[in-house]
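Below is one structure, written out as structure tokens, with a few remarks after it.
The values are calculated or read from the model by the stated rules, or taken from the named source; none is laboratory data. All of these numbers come straight from a predicted model, not from anything done at the bench. Cβ: placed from backbone, ideal geometry, glycine included. Neighbour counts: every protein chain shown.
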Amino acid sequence: MAATTGAQGVIHVRRITYNVASGQKTLWSRGWEYFDLFFLNNPVPQNGPPSEWSQYGQGSSGQGSITGQGAGTMSSGSFYLDPPPDLIYTLNCDCVCYPIALAADTDVEAIPYIFTDAVPYFAAYLALLSAQTSARQADAERLFGYYTTFVERARRFSNPSVLRGQYQQSPDPTTANKLGLQKAGNNG
């Protein structure tokens with residue numbers, strides 16, 4: 001993992017490319033079962049530039065606990081390439097990472113500024129979940145609603161208006177059509 005400010009480890013690899021001359025070549029992602037059957041099931045593999053990849057071990061690439069404190073390892077995530085590389089390639093991975101633990105005022109916060117408005121509402125929601133009164137649990141659900149509102153607002157602000165569906169977290173704009181729902185006034 002490259003030294004990304006505020007990130008401690010990788011949770012999920014979304015896409016992999018490698019450098020070729022002055023450009024990049026995309027490796028195609030495959031589900032593990034498909035990859036295992038059609039690529040690893042080869043008694044005489046031929047080395048070459050990788051063209052496919054698949055996640056094998058679930059987990060992250062980080063060390064320590066999720067907060068970065070304590071012993072142990074979280075380095076259980078892995079992926080395979082096919083064909084086996086014939087040279088040393090620099091892989092460019094588009095990853096989802098988890099942030100470092102904020103232990104000092106000088107630690108870099110990995111959450112983009114526009115999303116920080118949602119953080120206190122989620123923290124309060126988590127704090128109130130253990131409450132044993134129905135009023136406090138109702139407060140927790142209300143605060144979770146505020147959290148959701150702020151996250152959706154931040155996502156709308158941070159996603160472009162053109163090709164906004166290119167981001168994994170974006171809602172599918174065709175969901176209403178897929179579910180057979182129509183907007184009011186669209187009676188055709």
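Below are the figures for this structure:
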quantity: Any hit, the stretch 43-57, residues being modelled with pLDDT of 75 or more, surrounded by 11 or more Cβ atoms within 10 Å (Cβ to Cβ), touching a Leu at 6+ places or on another chain (Cβ under 9 Å) and of a type in the set (A, V, I, L, M, F, W, C); calculated: yes
quantity: Count of the stretch 62-77 residues which are surrounded by 13 or more Cβ atoms within 10 Å (Cβ to Cβ) and either outside any loop (DSSP other than H, G, I, E, B) or at pLDDT 70 or above (or both); calculated: 3
quantity: From 149, 116, 90, 106, residue being at pLDDT 85 or above, in the same structural domain as residue 17 (by TED's automatic domain parsing) and surrounded by fewer than 14 Cβ atoms within 10 Å (Cβ to Cβ); calculated: 90
quantity: Counted residues, the stretch 93-103 - those being assigned to a strand (DSSP E or B) and surrounded by 14 or more Cβ atoms within 10 Å (Cβ to Cβ); calculated: 5
quantity: Every pair of residues 6+ apart whose Cβ atoms lie under 8 Å, when the first sits in the stretch 130-153 and is free of Cβ contacts under 8 Å to residues at least 60 places away in the same chain and assigned to a loop (DSSP other than H, G, I, E, B) while the second is surrounded by 15 or more Cβ atoms within 10 Å (Cβ to Cβ) and not acidic (Asp, Glu); calculated: 131/140
